[in-house]
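In what follows, a structure is listed as structure tokens, so that the remarks can point back to it.
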Amino acid sequence: MIVLSEEQQQIIATVRRFVEREVKPVASEMEHRDEYPHALVERMKELGLFGAIIPVEYGGMGVAFTTYAFIIEEICRGWMSLSGIINSHLLFAHIVALFGTEEQKRNFLPAMARGEKRGGLALTEPHTGSDVQNIRASAKKDGDMYRLNGAKMFITNSRHGNTLCVAAKTDPTAKPAYAGISLFIAEKGAPGLTVSRDIKKLGYKGLDTCELAFEDFPVPAANMIGGKEGQGFKQVMGGLEVGRINVASRAVGVAQAAFEEAIKYSQQRETFGKPICEHQAIQLKLADMATKIEASRLLVYQAAMKKDKGERCDLEAGMAKLFASESCQEVSLEAMRILGGYGYTQEFPVERFYRDAPLMIIGEGTSEIQKLVIARNLLQRYKV
């Protein structure tokens, strides 16, 4: 059973009001236009959401990860793309908070909490996906600077953001390869960084997902996260638990939204003289949908609770992300089936939920990667 404190309930209620009053009325039209939600981003700044998990001593809200998971679920009931704008930014901030020097934390986190410095994680490259250690972007020392060279792909917040967490090889010959990766806080402004194109997507529209090119782009040596070369892979892995909890929460939110549309429609649409919710075939669908959503929510909560306790939760986060994302895909399709022809039209948001769902299966590690993470942890736990 999930028991929320009064403070948690108040925070979630505030986000829910924002979603109901300001997000839902505009989400579908903006999504279909693939329009960046500038006004909604400003409102999220006002609500403090860009500082949600940033520690209070650095200007953030410092909410528990369990609270953060419910915040993301509520946002995704309105429009999943908004959560991407926050999550990529907060994943970056979380890495700085965990591994950055004290100077880096004081220089960047307060402005990140206010949403003044805003960006994401520049990790993925055109030829790499889940194989993080195979990145080719390089960072070469040049006095008190590093020069970044290479290409990045599918980078959220890269056009409208102004600060990026860039993974690059400071030692391309390192064995194992991951030991040569470092992370840098790269601020836009200097020549050498080109946001080359916006990538058109099936869903997850309205936010910038871009390809980047770095050509001798200068980054101060003081902006290497942690101040020591070769720590980047560990830092990325330390942040991915939060990323996977977030994506699992997104899946719960989208699935919940799809379910709510379906159960509402099923009570209004009549066939053969009665509402379709009275037909057993529809009832079986609704029962399965609600059960999978609740199971997903409990898995997310379990992972977030372990994270709040400071414990490793890669097993739990992997399970939550795997189950919730696959369930979201199934629930969104079932919602479309319940709405029938209307579910396939843009007159109802179900088609948007259906297009958004695959992102959760792929993002922050595919379902196949989650299964490998889960299996390795289980083998360690039950080692003979």
- [ ] Quick one: dipole size for the chain, taken about the Cα centre, charges +1 on Lys/Arg Cβ and -1 on Asp/Glu Cβ, in debye to the nearest 20.
- [x] 600 debye
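Going from the alpha-carbon gyration tensor of the stretch 119-232, what semi-axes, largest first and in whole Å, does one get by taking the root of 5 times each eigenvalue?
Details: eigenvalues 104, 55, 24 Å².
In descending order the semi-axes read 23, 17, 11 Å.
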TODO: Run the quick spin-label model on LYS234 and LYS383: label points 7 Å from Cα toward the beta carbon, then report their separation in nm to one decimal.
DONE: 1.9 nm
- [ ] Give me the angle, in degrees from 0 to 90, between the Cα long axis of helix 80-99 and the longest principal axis of the Cα atoms of the chain, rounded to the nearest 10.
- [x] 40 degrees
TODO: Could you calculate, for the stretch 318-384, the ratio of the Cα radius of gyration to the Kirkwood radius, expressed as Rg to Rh?
DONE: 1.20
TODO: Could you work out how far helix 6-18 tilts from the main Cα principal axis of the chain, as a 0 to 90 degree angle to the nearest 10?
DONE: 80 degrees
TODO: Could you work out the mean projected area of the convex hull around the alpha carbons of the chain, in square nanometres to one decimal?
DONE: 20.3 nm²
Open item on the list: Using Cα springs under 10 Å in a Gaussian network model of the chain, which residue among ALA179, ALA122, ALA251 shows the largest mean-square fluctuation?
Closed with: ALA179
Task: Among 266-277, 290-301, the order from most to least packed when residues are scored by Cβ within 10 Å on average - done: 290-301, 266-277
Task: R0 of 51 Å, Cβ-Cβ distance ALA222-GLN267: FRET efficiency to nearest 0.05 - done: 0.25
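Dividing the convex hull volume of the alpha carbon atoms of the stretch 270-329 by its residue count, what do you get in Å³ per residue?
71 Å³
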- [ ] With no solvent and one equal point scatterer placed on each C-alpha of the stretch 234-381, evaluate the Debye formula and give log10 I(q)/I(0) for q = 0.14, 0.17, 0.20, 0.21 Å⁻¹, two decimals.
- [x] -0.66, -0.87, -1.08, -1.15
- [ ] Any chance you could run the full-extension gain for GLU35 through LEU372? It's 0.36 nm times the residue separation minus the Cα-Cα distance, nm to one decimal.
- [x] 117.7 nm
- [ ] Using only C-alpha atoms and all pairs of different ones, pull out the Kirkwood radius for the stretch 6-114 in Å with one decimal.
- [x] 14.3 Å
Task: Angle in degrees between helix 24-33 and the longest Cα principal axis of the chain, rounded to the nearest 10 - done: 60 degrees
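No lab work stands behind these numbers, since they all come straight from the coordinates. Just so we're clear, the structure is a prediction, and the values are computed from it rather than from any experiment. Here Cβ is always computed from backbone atoms with ideal geometry, including for glycine, and neighbour counts include all displayed protein chains.
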